[in-house]
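Heads up, the thing below is written out as structure tokens.
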There are 2 protein chains.
Amino acid sequence: LVLGLDPDPARLWPDAYTLVDKPGAESAADLAAASVSAHCAMVIEAVAAHCVAVKLQVACFERLGAAGWAALRDVAVRSRDAGLLVIADAKRGDIDVTAAAYAQAFIGETLTTFGPVPGLGADALTVNPLLGADSLAPFVEAARDRSAGLFVLVRTSNPGAADVQELVLREGDSVSDALARLVRAAGAGSIGRCGLSDVGAVVGATAPERLAHLRELLPDSIFLLPGVGAQGGRIEDLAPAFEASPAAGLVAVSRGIVAAAERDGGTPSQAAERAAAGMREATWALARASL
Amino acid sequence: LVLGLDPDPARLWPDAYTLVDKPGAESAADLAAASVSAHCAMVIEAVAAHCVAVKLQVACFERLGAAGWAALRDVAVRSRDAGLLVIADAKRGDIDVTAAAYAQAFIGETLTTFGPVPGLGADALTVNPLLGADSLAPFVEAARDRSAGLFVLVRTSNPGAADVQELVLREGDSVSDALARLVRAAGAGSIGRCGLSDVGAVVGATAPERLAHLRELLPDSIFLLPGVGAQGGRIEDLAPAFEASPAAGLVAVSRGIVAAAERDGGTPSQAAERAAAGMREATWALARASL
């Protein structure tokens, strides 16, 4: 189970607003970023015991500018301190030299005349493969240097995903299948002791009928599975993801955990903890069934 | 002509390092970001008279973290002060709620309990359409609200672009053609007095054989044309982009201007100014020819 954090600064846990204690914070951006940071810290504390990783939605931090990036770094540090892996959900993709710059931002570091500037230090990054294999290569190289990983978009969780990803190619397969082939090629040669490579795939939990097929195309890849809950996906439909290995599926849930109190009542932290505990059980049941 | 700024903090104009004057700057990130900002200011001053816009490569700022985002904002402000439009080359793409957050970051603003937090205020943003029409919609809406525009990736300038974008579909056309159809649909209804819509396309100058075809598919879209110079594209091959209108092509050049002194000699600013003047002439010749 992966805790998705996509904080909306207008809809944080109430205590996040009162606990803001940031000396020198003056602008709305500074105060909002401090609240976002406090909110994420509370959510992590409530549910870390039930999760293996956080998935940080970079957009939600980036919209607060420089203060948001500082908060993103705070939350990444706090996640690691809580024993969680950090997945930066940034969906970056660009030509080679620029992809290398994004890899520096999220995984590696940037060499400057004033010394190295550390990146976010993420354990994994989501990337967009529309620009092709040479746009993935700098991410793969940077991730491998740091024992980090990638999750490449193969079949996303939104309704419009089919517009491009499910276009049918001349040979009868789909764009999504072609993306899966890119992922397999990028991960070849990195397969570790558990039989899994360092190049995973984002496969939406909202299209379970595609899961078994993509698992056949990608027998060595960890699947990051967003879309459970608010978007309509159900954990119990995700068994094919785990067929490759009990560790081959990461179920990412954001609002289903963070906003559980809106549905179940109780305090935000109690409701989140209970929701996460139940989802962990449902996820581990799939993992155990694959043994 | 569009000035591309993708500053590498280890390869700035020499004066950028000596002119750093940022009270309180202590960390390598702060000093590097201040140098990047100074470098961009000098380049803008040298060539603004020959350009209509800057294209800011967000990755190159983002790799410096919070300090980099502050520099990105500085450079955007300075560009506008110099009379240039600001194109944020961010290539973002995500599901609807997240796309809306990125639109807040680059074009609009974010509402928070502490008041609105302004975004970058870009006049245009590059976006990645792999997630389909519903992932473009929040960007289109945000851009239209602010009289801003989008450039959607249709055929990028890198060698690997063909891996996905030129896959042949069952009907015989390509993925890139399908992306062009998404662009046309998103821009329909926004066509202004010059016959151009607010949803443009990124079409690499390195694939001129595709240009005429994409211009047929996209008669109303402004084309942002990267890839001239270091990547091998040539301005004189870009005439089809301008066939829709003299204003329908934006030739984006980065290293060909900023690093002109390495090729032509002279001071960085003199060489950049001369290179930009020549490229402006070459670009305007295409625009005039389309009248």
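Output the residues belonging to the range A:206-218 that are open to solvent by 40 Å² or more (accessible area, probe 1.4 Å) and either among the hydrophobic types (A, V, I, L, M, F, W, C) or not in a helix (DSSP H, G or I) (or both).
The answer is A:206, A:212, A:217.
In this structure, is residue B:51 over 15 Å from residue A:101 (Cβ atoms), in contact with a helix residue (DSSP H, G or I) (Cβ under 8 Å, 6 or more places away or on another chain) and either among the hydrophobic types (A, V, I, L, M, F, W, C) or without any contact (Cβ under 8 Å) to a residue 60 or more places away in the chain (or both)? Give the derivation first.
Working: over 15 Å from residue A:101 (Cβ atoms): yes; in contact with a helix residue (DSSP H, G or I) (Cβ under 8 Å, 6 or more places away or on another chain): yes; either among the hydrophobic types (A, V, I, L, M, F, W, C) or without any contact (Cβ under 8 Å) to a residue 60 or more places away in the chain (or both): yes.
Against the criterion (over 15 Å from residue A:101 (Cβ atoms), in contact with a helix residue (DSSP H, G or I) (Cβ under 8 Å, 6 or more places away or on another chain) and either among the hydrophobic types (A, V, I, L, M, F, W, C) or without any contact (Cβ under 8 Å) to a residue 60 or more places away in the chain (or both)), residue B:51 qualifies.
Across the range A:192-205, what is the number of residues that are more than 13 Å from chain B (Cβ to nearest Cβ) and part of a strand (DSSP E or B)? Explain how you work it out, then say what you get.
Residues of the range A:192-205 that are more than 13 Å from chain B (Cβ to nearest Cβ), as a first pass: A:192-201, A:203.
Remaining after also requiring part of a strand (DSSP E or B): A:199-201, A:203.
Total satisfying the criteria: 4.
What are the residues in the range A:189-205 that are open to solvent by 30 Å² or more (accessible area, probe 1.4 Å) and modelled with pLDDT of 95 or more, if any?
A:198
Working only within the range A:167-191, note down all residues that are among the small types (Gly, Ala, Ser), facing chain B (nearest Cβ under 8 Å) and outside any helix (DSSP H, G or I). I'd like the intermediate steps shown before the answer.
Restricting attention to the range A:167-191, the residues satisfying the condition of being among the small types (Gly, Ala, Ser) are A:172, A:174, A:176, A:178, A:180, A:185-190.
Remaining after also requiring facing chain B (nearest Cβ under 8 Å): A:172, A:178.
Across the range A:167-191, the qualifying residue is only A:172.
Can you tell me which residues in the range B:4-27 are more than 9 Å from chain A (Cβ to nearest Cβ) and modelled with pLDDT of 70 or more?
Scanning the range B:4-27 gives B:4, B:5, B:7, B:11, B:13, B:14, B:15, B:16, B:18, B:26.
Looking only at the range B:77-123, count every residue that is at the interface with chain A (Cβ under 8 Å from one of its Cβ atoms), out of contact with any strand residue (DSSP E or B) (no Cβ under 6 Å at 6 or more places or on another chain) and either in a strand (DSSP E or B) or on the phi > 0 side of the Ramachandran plot (or both) and tell me the total.
Total satisfying the criteria: 1.
What is the number of the single condition among (1) more than 7 Å from chain A (Cβ to nearest Cβ); (2) of a type in the set (A, V, I, L, M); (3) under 25 Å from residue A:30 (Cα atoms); (4) in contact (Cβ under 8 Å) with a residue 40 or more places away in the chain that residue B:59 does not meet?
Result: residue B:59 passes all but (1).
Name the single residue, out of those in the range A:144-162 being open to solvent by less than 60 Å² (accessible area, probe 1.4 Å) and of a type outside the set (Gly, Ala, Ser), that is farthest from the other protein chains (Cβ to nearest Cβ).
Taking the candidates together, the pick is A:150.
Restricting to the range A:71-99, name every residue that is open to solvent by less than 40 Å² (accessible area, probe 1.4 Å) and over 19 Å from residue A:224 (Cα atoms). Full working, then the answer.
The initial filter retains those residues of the range A:71-99 that are open to solvent by less than 40 Å² (accessible area, probe 1.4 Å), namely A:71-72, A:75-76, A:79, A:84, A:86-95, A:98-99.
Passing the criteria: A:71, A:72, A:75, A:94, A:95, A:98, A:99.
I'm trying to understand the selection: among the residues of the range B:26-65, which are surrounded by 24 or more Cβ atoms within 10 Å (Cβ to Cβ) and among the charged types (D, E, K, R)?
Those that are surrounded by 24 or more Cβ atoms within 10 Å (Cβ to Cβ) and among the charged types (D, E, K, R): B:55, B:62, B:63.
Scanning the range B:119-143 for residues that are over 20 Å from residue B:109 (Cβ atoms) and among the small types (Gly, Ala, Ser), which turns out most open to solvent (accessible area, probe 1.4 Å)?
B:133
Can you name the condition, by its number, that residue B:263 falls short on among (1) in contact with a Phe, Trp or Tyr (Cβ under 9 Å, 6 or more places away or on another chain); (2) closer than 19 Å to residue B:12 by Cβ; (3) surrounded by fewer than 17 Cβ atoms within 10 Å (Cβ to Cβ)?
Against the list (1) in contact with a Phe, Trp or Tyr (Cβ under 9 Å, 6 or more places away or on another chain); (2) closer than 19 Å to residue B:12 by Cβ; (3) surrounded by fewer than 17 Cβ atoms within 10 Å (Cβ to Cβ), residue B:263 comes up short only on (1).
The values are calculated or read from the model by the stated rules, or taken from the named source; none is laboratory data. This one's a predicted model, so the numbers in the text were calculated from it and none came from an experiment. Because the Cβ atoms are built from the backbone with ideal geometry, glycine has one as well, and the counts that use them run over all protein chains shown. These accessible areas exclude ligands, DNA and RNA; they are computed on the full protein's heavy atoms, side chains included. Shrake-Rupley method; radii C 1.70, N 1.55, O 1.52, S 1.80 Å.
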